[in-house]
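A short worksheet on the structure shown next.
The values are calculated or read from the model by the stated rules, or taken from the named source; none is laboratory data. Note that the structure is a prediction, hence the values are computed from the model and not measured. All Cβ positions, glycine included, derive from the backbone under ideal geometry; neighbour counts span all protein chains shown.
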Amino acid sequence: MIGVALLGYGVVGSGVADLLRQNAAHIARKAGQDIELRYILDIRDLSDTPYAGLAVKDFALIENDPAVRVVAECIGGVGVARDFIRRSLLAGKHVVTSNKELVAAHGAELLALAEARNLNFLFEASVGGGIPVLRPIAQCLAANRLSEVTGILNGTTNYILTRMFRQGVSFDEALAEARARGYAEADPSDDILGRDSCRKICILASLAFGKHIYPEQVETEGITALSGGDVAFAQAHGYRVKLLGRALRGENAPAIWVAPHLVSEDHPLAGVYDVFNGIWISGDAIGDVMFYGRGAGKLPTASAMVADIIDAVKHLSARKWVGWQPSEGGAPLPPKDLASAWYARFPDPADSLITPILTETEYAAWAEGQDIKPTYRIRVL
Ligand code: HSE
């Protein structure tokens with residue numbers, strides 16, 4: 001019997017508790033032993049939940065209980081969550097988390113702390129919700145030198161774009177639906193301004209290229225400047241509009257950014273709608289591979305968290321390697337020199353067009369040279 005403590009009983013945390021209970025016998029078989037959920041730490045009152053008897057508010061109870069071997073963190077943010085994870089590792093407990101903000105900002109530090117104590121620090125649920133993608137990068141694709149990771153990484157914005165532009169729902173209504181379905185962040189501007197996608201592409205790029213990439217290094221643009229006219233233009237010309245996180249290895253430094261893109265309808269990412277995410281990876285042996293599934297929501301994300309708990313239980317002494325090396329951070333990694341076609345929006349939509357292949361600097365010079373200047377531009381994938 002292995003004791004687990006859950007930190008946070010929000011959308012994902014409640015899913016983890018429910019899944020551990022609902023599939024207990026199956027999970028025990030997979031883990032090789034019974035898993036006992038011993039505590040749920042939350043500042044809220046859990047007396048109306050099936051877990052009232054497990055509720056605690058003092059982290060020290062968990063920290064000091066030797067029967068707790070695995071701590072599953074679903075609080076989110078970089079405040080108390082970071083403190084509790086550090087303390088869990090210092091107390092010799094394996095840690096599993098869905099906290100992309102924390103992993104993107106402090107992953108290298110927490111990985112080093114875990115490694116020094118021969119403990120697991122696993123975070124499959126931090127990217128792509130229920131989609132298995134971090135372990136496949138670290139293990140199944142380990143023989144490859146990866147050159148590219150491009151993904152639709154945020155379920156909320158993909159849901160909003162789908163509802164608005166395929167089903168005619170307003171932005172506010174689509175966002176309200178995404179919140180009601182448990183897809184959105186506590187602060188949904190993290191979703192719509194691209195910050196959540198930024199954190200996820202940082203995690204993917206760190207894993208794919210082996211050094212920590214920090215969110216401050218990544219140029220990030222969300223979906224708020226998109227108009228119905230942009231989407232109509234895209235559709236009429238054989239494209240879909242998708243918010244992408246992209247990481248390209250490059251010859252000297254990687255190029256990493258988040259922005260809406262026009263994606264050709266022939267590309268598999270163009271067919272990723274609703275809350276689904278898609279992650280496209282290129283490697284020198286595998287060629288191209290794509291991962292697809294539900295990128296947000298209670299049970300899909302809990303599915304990845306519980307799989308990490310099972311993996312931690314199966315590797316209590318021989319740790320799993322899913323990680324990367326520290327880096328200095330520093331210079332931004334924008335795609336300045338990367339040439340692509342661009343959609344240029346003009347005040348009169350009839351003038352909007354797709355340019356020839358240009359770098360960002362060349363595009364700026366081209367736009368400056370127009371008699372009537374374009375008011376917005378989107379890179380074409
Ligand atoms: N708000 C996130 C999303 C949750 O919509 O993708 C999953 O990380």
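Candidates are the residues of the range 77-94 that are part of a helix (DSSP H, G or I) and hydrophobic (A, V, I, L, M, F, W, C); the one that is surrounded by the fewest Cβ atoms within 10 Å (Cβ to Cβ) is Leu90.
If you go through the range 280-313 one residue at a time, how many are closer than 20 Å to Leu381 by Cβ and within 12 Å of the ligand (Cβ to nearest atom)?
Taking the range 280-313 as the starting set, the residues that turn out to be closer than 20 Å to Leu381 by Cβ are 280-283, 286-292, 295.
Narrowing the set further to residues that are within 12 Å of the ligand (Cβ to nearest atom) leaves 295.
Final tally of qualifying residues: 1.
Might you check whether a residue that is closer than 25 Å to Pro188 by Cβ and of a type in the set (Val, Ile, Thr) occurs anywhere in the range 51-73? There is no residue in the range 51-73 that is closer than 25 Å to Pro188 by Cβ and of a type in the set (Val, Ile, Thr).
Among the numbered criteria (1) more than 15 Å from the ligand (Cβ to nearest atom); (2) closer than 30 Å to Ala285 by Cα; (3) under 20 Å from the mean Cα position of the chain (by Cα), which single criterion is violated by Val103? That leaves (1) as the condition not met. Candidates Ser197, Ser227, Ser206, Ser170: the one that is free of Cβ contacts under 8 Å to residues at least 40 places away in the same chain and out of contact with any Lys or Arg (no Cβ under 7 Å at 6 or more places or on another chain) is Ser170.
Sub-7 Å Cβ pairs linking a first residue in the range 358-381 that is over 20 Å from Val241 (Cα atoms) and surrounded by 14 or more Cβ atoms within 10 Å (Cβ to Cβ) to a second residue that is of a type in the set (Lys, Arg) and at pLDDT 95 or above, at least 6 apart or interchain, are Ala367/Lys373, ordered by first then second residue.
I'd like to know if the range 47-70 contains one or more residues that are within 24 Å of Ile279 (Cβ to Cβ) and away from the ligand (no atom under 15 Å from the Cβ). Walk me through how you get there before you give the answer.
So in the range 47-70, the residues within 24 Å of Ile279 (Cβ to Cβ) come out as none.
There is no residue in the range 47-70 that is within 24 Å of Ile279 (Cβ to Cβ) and away from the ligand (no atom under 15 Å from the Cβ).
For the range 106-146, a residue qualifies if it is more than 30 Å from Ala184 (Cα to Cα) and within 16 Å of the ligand (Cβ to nearest atom), but none of them does. Screening the range 282-307 for residues that are touching a Ser or Thr at 6+ places or on another chain (Cβ under 8 Å) and charged (D, E, K, R) and picking the one that is nearest to Glu73 (Cα to Cα) gives Lys298.
Note on the range 147-178: among residues that are more than 13 Å from the ligand (Cβ to nearest atom), closer than 19 Å to Ser197 by Cβ and within 20 Å of the chain's Cα centre (by Cα), the one that is surrounded by the fewest Cβ atoms within 10 Å (Cβ to Cβ) is Glu148.
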